[in-house]
Amino acid sequence: MKEFKADLHIHTCLSPCADLEMSPRNIVSEAKRKGLQVIGICDHNSAENVPAVEKNAVREGILVIGGMEVTSKEEVHILALFGSEERLFSFQGTVHENLHGTNDEKRYGEQVIVNEEEEVIGFSDKLLIGATDITLERLVDLIHEFEGLAIAAHVDREGFGIIGQLGFIPEGLHLDALELADPSKRDRIPQGGRWPFITSSDAHQLQEVGRRSTTFLMEAANIAEIRQCLSSVDERRTRI
Amino acid sequence: MTRTLKEIAEALNLAAITREDLLARKVTGGYAGDLLSDVLAHAGKGQVWITLQTHANVVAVASAKELCGIIIVHGRTPEEGTLRKAEDEHIPLLVSPLSTYDVVCRLYQLGVKNGEGV
């Protein structure tokens, strides 16, 4: 078993609210500088910059887990993390069918899609800061249908956190973990003992990458091992 | 004057998803909000709650706070689980095509007001 330091919630310049300097190369070099071995790329309701980050990260020996931060119909943020780009983009197709509206760059910010060389190859015109019309329960099921991990984002934050939006975590919701924005609050989360916790940076600016991280004790860096860590299979552990 | 849910439903042309007898409940005031944590913290017993949320948790919140009913705005359709839970917990659901603001204004015009200091 080996320890892997992971920050599973990082935005790129695709998120309208993230800095333009959140480019694939910058993110990877900042992750390396912070000693991260695993990074999760989770833009709002979209994943188009995952391949560019992945191609840069491979050269540095950093594992990228592609995903997105999906906004449910109830305006709850759920991190969806996938082991393959094929499944990630199939999932994105469903998310986009259920996400309406067009971005207004002047008001909300640019949604820049880049390639591995950091050349701008397009702009997403979807209203990525909007809410999908997928209910929370359906969303978690959908993530699992695509073999992904479903993690409730920043559960200790009122806005867009599952507890803030819905008062409490609904019975029977099959989340894989809860993400804390402030790991010192873990004992103050009602029902918190029922799910494993992770913590991550939710970085929208470069210096925020790795400001919080989760350590996974596991055999190798991949999403299947992380899934087993979250269930404490054998000696695997998750530490925040 | 104190209104019943039935009077409100008729005046605002709400679609009621509930047993008829539950509409006899008296409405002591109102609360509007979509953050359920806020509603848990601030709504008062007997109030009618105006929200756009349709998740089953709205029923649990209304039940915990002993609210008299829930008005769902924008004609949104409650989930199956919400309908079942509302039936089990005797929480009347009323649906309006209007926005929260417009529902609240009409309720106020009908005399649905919270007491002094609320």
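Under a straight-distance cross-link criterion of Cα-Cα below 28 Å, which lysines are reachable from residue B:6, leaving out those fewer than 8 residues away in the same chain? The reachable lysines, counting only those whose Cα sits under 28 Å from residue B:6, are B:26, B:45, B:65, B:85, B:113. Electrostatic bookkeeping for residue B:43 treats Lys and Arg as +1 and Asp and Glu as -1; over the other residues with beta carbon under 11 Å from its beta carbon, the sum is 0.
Given chain B, what percent of its DSSP beta bridges are antiparallel, to the nearest 5?
Details: 5 of 16 bridges.
Just about 30 percent of them are antiparallel.
Mean-square fluctuations from a GNM of chain B, with a 10 angstrom spring cutoff on Cα atoms, peak among B:87, B:20, B:66 at B:20.
Considering only the other residues whose Cβ falls under 9 Å of the Cβ of residue A:28, what net charge follows from Lys and Arg at +1 and Asp and Glu at -1? Net charge around residue A:28: +1.
Return the percentage of antiparallel bridges among DSSP beta bridges fully within the protein assembly as shown, rounded to the nearest 5 %.
Numbers: 29 of 56 bridges.
Close to 50 percent.
When the alpha carbon coordinates of region A:116-240 are projected onto the principal axes, the ranges are 44, 35, 31 Å, largest first. Model label points for residue A:237 and residue A:147, set 7 angstrom from Cα along the Cα-to-Cβ axis, are 3.0 nm apart.
Give me the percent of Cα-Cα pairs in region B:1-98 that sit more than 16 Å apart, rounded to a whole number. Result: 47 percent of Cα pairs exceed 16 Å.
Quick one: Cα centre-to-centre distance for region A:35-104 and region B:14-78, in angstrom? Between the Cα centre of region A:35-104 and that of region B:14-78, the gap is 35 Å. Shape analysis of the protein assembly as shown places it in the prolate category; the axes a ≥ b ≥ c from the Cα gyration tensor give an a/c of at least 1.5, with a/b above b/c.
In the protein assembly as shown, the DSSP-assigned H stretches of four residues or longer account for a calculated mean residue ellipticity at 222 nm of -8000 deg cm²/dmol, using -39500 (n - 2.57) per stretch and the full residue count as denominator.
Bear in mind that the values in this text are calculations on the coordinates, not laboratory data. Nothing here was measured: the structure is a model prediction, and the numbers come from that model. FYI the Cβ positions are ideal-geometry reconstructions off the backbone, even for glycines, and counts take in every protein chain you see.
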